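Below: the structure, in C-alpha cells.
The values are calculated or read from the model by the stated rules, or taken from the named source; none is laboratory data. This structure is a prediction, so every number in the text was calculated from the model and none was measured. A quick note on method: Cβ atoms are made from the backbone with ideal geometry, for glycine too, and the neighbour counts reach across all protein chains shown. Note: accessible area is taken over every heavy atom of the protein model, side chains too, but ligands, DNA and RNA are not part of it. Shrake-Rupley method; radii C 1.70, N 1.55, O 1.52, S 1.80 Å.
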Amino acid sequence: MTLLRAGHAAIARRGRYTTTRVREGRFSRWEPALLRLPKGPATVLRSPWQPLVFRRRELTALALLGVFLALQFLIPARLVIGGMGAVGRPAVAVGLLLLFLWLLALLTRRGLPGGFQPVRWIIGGFVALQFFFYAVGFDRGLPAIEASQADRWMIFVGSMAGIALATADGIATRRQLNRLLILLVYLGAVMGIIGALQFTEIINIVEYIRIPGLQLQNTLVGVGERGGGGAGFPRVASTASHFIEFGVVLAMLLPLALHFAFFAATTRQRTWRWLAAALIAVGIPFSISRSATLAIGLALILMFAVWPWRQRYNGLIIGGFAVIGFSAVQPGVLGTIRGLFIHAGTDPSVQDRIARTAYVMDLWSERPWLGRGAGSYVLERYTLLDNQLYVTLLETGAIGLAGTIAVLFAAPYFAGRSLRLRGADQETRHLAQALACIPPVALLSSGTFDSFYYGTFMSVLFIAVGAIGALWRLDGGGGGRRPLQAAAPGDKFVATPWMTDWKGGRARRRTADI
C-alpha cells in the first residue's frame, strides 16, 4: 500500500492528475481494486465526463434537432410506434432523448452555457404547471381512460421541453442557429410540395410512405373537400394530422422563410430561399381553412409593424401580384376561402363551435379554478371542442389557462420583442421579430382548433421558443442589456423603434459603414 500511494503521488507531481486523500480516522477510505487509479501512461486518459450532446454543441445538438425535425415533417403524423397512441411518433422519442441529455448536463454542471436564460424559466414554468395540474387530476380520481391520456400528455410535454431546451442551450453559434431554422423552412417547403401534389391530384405521396416498425394509429388523412355539393375544392393535410394543422404550420413558418430570403448572401441562396417561401405561401390556401387565413393575416401584420414604409409598399405589391397569379392558376380557391368568412353565420362548423360554448361553461363550472387535470380531456368521453383554449380551461381551470397563456405564449413573445428592439444588427432584429410572430399566431390558432393535440404545430412552437432563447444568449442584447437600436442609414428591413426617443435620449445611431 505504501508503494501504491508513493506511485500515485509521483504521477500527481508530474501533472498527470491530482488526487485528494480522504482519511477516516487513521485509515484511508477503501476503494475496490477495479476503481483504483492505474499506474503509468494509461492515467493520462482520465478526463472529466461530459454529455456528448453538450460537449460538442455545435455538431451533436444541431444533428439531433435536425433528425427531430425531419422525422416530424417527413413521416405522416399517424404513423406511430404501436401501442403508444399519438405520442408514439418517432420524433417524440428524439425529443425525450434531448431532454435526458439536457438534464444530465444540468445535474453534472457541465455543458450548459452560463448566464441568464429566459427560456429555461419559460419551459420550467410550463412543465411545472403541467405537473401540478397532472397531480390535481389524479387527486380528483381519474377514470382509467383519462389517466392513460394524462400520462401520454406528460410524455409529450417532456419531449417538447427537450427540443426547446436543447435549442436554447445546445446551439453554440449564430451560424448553427441559422442552419437549424433554414432546415425548418425547407422542411416546411417540402410539406407544401406534398400538399400541392395532393391538391392537384398528381400523386398522394403520403399513401406510399411506410416505415418498418411503425403502424397506422388511424386511417391516413385523405384529401377532403370544401365548397359543397361535390363541386368544391380539395383540401389537403400533407404529412400533418389535419387540414387546419397543415395551413397553420405553414403560416407560422412564412415569416421565417421571408427573413432568410431577405438576408440571402448569394444569388443561389436567394433563389432557393425565395422558392421555399413561395412554396410555403402557396401551400397555405390549399388547406382551405379559416384558421390558416387568420394565422397568415396576423403573421404578416406583425412583420409589417417592423418594416420601413418602403418595404411595406414592396410587400403589398408582391403580395398583390402573388394573389393575382394564384387566382389565375387556381381560379375559385381564394373565393371559396373568402366565402368561409362571408357565410360564417350559416356555416355548420362555426355554429357547432358556438353551440359547444354552453356545454363548456357547464362542465367548467364544476371545477372552475383548478380544472379536471392536465391531459385528462378525452374526446371519446366528452366531445370535440375545436378550441384549445376551451380544452385548457376545462383541464386546468382559470388559473391554468392564465398561466399557460402567460408562460407559453406571452413570455416568448416579449423576449423576442426585446431582441427586436435591441439586437446588435438589422438581421438579428428582423430574425427576432420573425420568431416573436410565432407565439401570437399559435395563440390565435389555438382558439380555432385543438392545437395541443397536433405534434407538428407544437414542434414549430417549441423550436421557435428555443430559438428565441438561443438568439438571446448569442446576441447578448435582450432584457435591456443594450439600449434601443435605431436603424442605420442602410437598413432596409427594420425601422427605428418608435419608443427610441422616450428611453433616455436617442439610441446611439450607427453609421452606414458599421
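What residue, of THR456, THR448, is assigned to a helix (DSSP H, G or I) and either surrounded by fewer than 20 Cβ atoms within 10 Å (Cβ to Cβ) or of a type outside the set (A, V, I, L, M) (or both)? Spell out the reasoning first.
Details: THR448 fails: assigned to a helix (DSSP H, G or I).
From the options THR456, THR448, the qualifying one is THR456.
Considering only residues in segment 253-296 that are open to solvent by less than 20 Å² (accessible area, probe 1.4 Å) and of a type in the set (Val, Ile, Thr), the one that is farthest from VAL350 (Cα to Cα) turns out to be ILE280. Counting only residues that are small (Gly, Ala, Ser), open to solvent by 20 Å² or more (accessible area, probe 1.4 Å) and assigned to a helix (DSSP H, G or I), which one in segment 55-84 is modelled with the lowest pLDDT? So, considering only residues that are small (Gly, Ala, Ser), open to solvent by 20 Å² or more (accessible area, probe 1.4 Å) and assigned to a helix (DSSP H, G or I), the one modelled with the lowest pLDDT is ALA63. THR396 fulfils the conditions (1) modelled with pLDDT of 95 or more; (2) within 12 Å of PHE452 (Cβ to Cβ); (3) part of a loop (DSSP other than H, G, I, E, B); (4) not basic (Lys, Arg) except for a single criterion, (3). Can you tell me how many residues within segment 365-388 are surrounded by 18 or more Cβ atoms within 10 Å (Cβ to Cβ) and of a type in the set (A, V, I, L, M, F, W, C)? Within segment 365-388, residues that are surrounded by 18 or more Cβ atoms within 10 Å (Cβ to Cβ) and of a type in the set (A, V, I, L, M, F, W, C) number 3.
If the Cβ limit is 8 Å and pairs must be 6+ apart or interchain, which residue in segment 414-431 that is within 18 Å of GLY490 (Cβ to Cβ) and of a type in the set (Val, Ile, Thr) pairs with which residue that is assigned to a helix (DSSP H, G or I) and open to solvent by less than 20 Å² (accessible area, probe 1.4 Å)? Between residues of segment 414-431 that are within 18 Å of GLY490 (Cβ to Cβ) and of a type in the set (Val, Ile, Thr) and residues that are assigned to a helix (DSSP H, G or I) and open to solvent by less than 20 Å² (accessible area, probe 1.4 Å), the close pairs are THR428/LEU419; THR428/LEU471.
Per the listing GLU225, GLU207, the residue uniquely under 24 Å from GLY297 (Cα atoms), open to solvent by 50 Å² or more (accessible area, probe 1.4 Å) and not hydroxyl-bearing (Ser, Thr, Tyr) is GLU225.
For segment 108-137, a residue qualifies if it is open to solvent by 50 Å² or more (accessible area, probe 1.4 Å), at pLDDT 95 or above and not charged (D, E, K, R), and the qualifying residues are TRP121, ALA128, PHE131, PHE132, TYR134, ALA135. Of ALA251, ALA261, all but one fail to be over 18 Å from the mean Cα position of the chain (by Cα) and among the aliphatic types (A, V, I, L, M); the exception is ALA261.
Whether a residue is in contact with a Pro (Cβ under 8 Å, 6 or more places away or on another chain) and in a helix (DSSP H, G or I) was assessed, and GLN149 does not pass this test.
Annotation note: Cβ proximity below 7 Å between a residue of segment 310-332 that is closer than 23 Å to PHE233 by Cα and a residue that is of a type in the set (Val, Ile, Thr) (sequence gap 6+ or interchain) occurs for PHE326/VAL282. Taking every residue in segment 357-378 that is more than 20 Å from LEU129 (Cα to Cα) and pairing it with any residue that is crowded, with 18+ Cβ neighbours inside 10 Å and of a type in the set (A, V, I, L, M, F, W, C), at least 6 positions away or on another chain, the pairs with Cβ-Cβ distances below 8 Å are VAL360/LEU385; VAL360/LEU393; VAL360/LEU394; LEU363/LEU394. The number of residues in segment 88-111 that are out of contact with any helix residue (DSSP H, G or I) (no Cβ under 6 Å at 6 or more places or on another chain), of a type outside the set (Val, Ile, Thr) and assigned to a helix (DSSP H, G or I) comes to 8.
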